[in-house]
Amino acid sequence: GAVVSQHPSWVICKSGTSVKIECRSLDFQATTMFWYRQFPKQSLMLMATSNEGSKATYEQGVEKDKFLINHASLTLSTLTVTSAHPEDSSFYICSAPRDPGLHEQFFGPGTRLTVL
Amino acid sequence: AQSVSQHNHHVILSEAASLELGCNYSYGGTVNLFWYVQYPGQHLQLLLKYFSGDPLVKGIKGFEAEFIKSKFSFNLRKPSVQWSDTAEYFCAVNGSPGGGYQKVTFGTGTKLQVIP
């Protein structure tokens, strides 16, 4: 099946610093990618839709200046958590649909962010 | 707005027992329905999906789900579970009123623990 990778798989940073997370589709092109956040023992919450060549679409309640998304190419989207705080600690997951007509998404393995 | 509810948060079964996980959704239009599985330490994987056609959908590893439109349900079933089915299961819905991408909404997940 299609493969989506994320880097890094885990990161620990100090409060106030910025962290960049990469999401890559390895064997297909993705004009759209999605970023989710998963809190412990909770479901995945969609944060934003990343669109290649245009601005990301953010879900209600998600600060676009805090969570910067750049869809640099058809195989790469990045999520930058700016001025991270401990409450930003979470599991961040990206996904990408390979075939627009099927709506099936392939998920990355996730990135565990811990902000000290 | 679309929503998904999963009735069981934690299910414990013995091997060979039958499984049924409930999923109900709320959406006024045409929906695509999914079950995803997350094995311990692994990323989300698609178990099965329903887009149209036969409402009884067969997925990988012996799982199946039945779409009952009148009940807005998409319950997951397996006649005989194995220890290796221990995982977290997420029901998800993707509304598609006019084609193109619509956001995927996930249920809160059900943790299945199979006891040998």
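The values are calculated or read from the model by the stated rules, or taken from the named source; none is laboratory data. Here the structure is a predicted model, which is why all the values come from computation and not from measurement. Backbone-built Cβ (ideal geometry, glycine too); neighbour counts: all protein chains shown. Accessible surface areas use protein heavy atoms only, side chains included; no ligands, DNA or RNA. Shrake-Rupley method; radii C 1.70, N 1.55, O 1.52, S 1.80 Å.
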For this session: Using a cut-off of 15 Å between beta-carbons, work out the net charge of the residues near A:Val62 (Lys and Arg +1, Asp and Glu -1, A:Val62 not included).
Result: 0
Problem set entry | Residue among A:Cys94, A:Cys13, A:Cys23 with the largest mean-square fluctuation in a Gaussian network model of chain A, springs linking Cα atoms under 10 Å | A:Cys13
For this session: Calculate the length of the line joining the C-alpha centroid of the stretch A:9-62 to that of the stretch B:73-97, in whole Å.
Result: 24
Exercise. Residues of the stretch A:41-60 with accessible area at least 40 Å² lower in the all-protein-chain context than alone (1.4 Å probe)?
Worked result: A:Ser43, A:Leu44
For this session: Over chain A, give the accessible area per residue in Å² for a 1.4 Å probe, as an integer.
Result: 49
For this session: Could you work out how far apart the two model spin labels at B:Phe72 and A:Asn70 are, taking each label as a point 7 Å from the Cα in the direction of the beta carbon, and quote it in nm?
Result: 4.2
Exercise. Considering only protein heavy atoms and a 1.4 Å probe, what is the carbon-and-sulfur percentage of the accessible area of the protein assembly as shown?
Worked result: 53
Exercise. Can you count the Lys pairs in the stretch A:18-116 whose Cα atoms are under 23 Å apart, with each pair 8 or more apart or on different chains?
Worked result: 5
Exercise. Going from most exposed to least, what order do A:Arg98, B:Arg77 have by accessible area with a 1.4 Å probe?
Worked result: A:Arg98, B:Arg77
Exercise. With Cβ to Cβ distances under 10 Å as the rule, what net charge do the other residues near B:Val57 carry (K, R +1; D, E -1)?
Worked result: -1
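Please compute the per residue accessible area over chain B with all protein chains in place, 1.4 Å probe, rounded to a whole number of Å².
Computed with neighbouring chains in place, this is 47 Å² per residue.
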For this session: For A:Ile93, B:Ile68, give the ranking by accessible area with the largest first, probe 1.4 Å.
Result: B:Ile68, A:Ile93
Exercise. Looking at the square roots a ≥ b ≥ c of the eigenvalues of the Cα gyration tensor of the stretch A:32-103, which shape do they give, rounded for a/c under 1.5, prolate if a/b is larger than b/c, or oblate?
Worked result: oblate
For this session: Grab the beta carbon distance between A:Trp10 and B:Thr108, set R0 = 30 Å, and tell me the FRET efficiency rounded to 0.05.
Result: 0.80
For this session: Take every Cα-Cα pair in the protein assembly as shown and report what % of them are more than 30 Å apart.
Result: 25
Exercise. How much net charge surrounds B:Asn94 when only the other residues with a Cβ under 11 Å from the Cβ of B:Asn94 are counted, with Lys and Arg +1 and Asp and Glu -1?
Worked result: +1
For this session: Considering Cα pairs under 8 angstrom that are at least six residues apart, work out the relative contact order of chain B and quote it in whole percent.
Result: 37
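Which value, in square angstrom to the nearest 100, describes the accessible area buried between chains A and B on both sides, using a 1.4 angstrom probe?
Approximately 1700 Å² gets buried when A meets B.
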Problem set entry | ³J(HN,Hα) computed for each position of the stretch A:110-115 - Karplus, 6.51 cos²θ - 1.76 cosθ + 1.60, integer Hz, glycine/proline x | x, 10, 8, 9, 10, 10
Problem set entry | Alpha-carbon Rg with Dmax, taken over chain B, Å | 13.8, 47
Exercise. How much solvent-accessible surface does B:Lys111 expose, in Å² to the nearest 10, with a 1.4 Å probe and all protein chains in place?
Worked result: 90
Exercise. What are the residues whose amide H is under 5 Å from the amide H of B:Asn8, where those residues sit 5 or more places off or on another chain and H is modelled from the backbone?
Worked result: B:Gly22
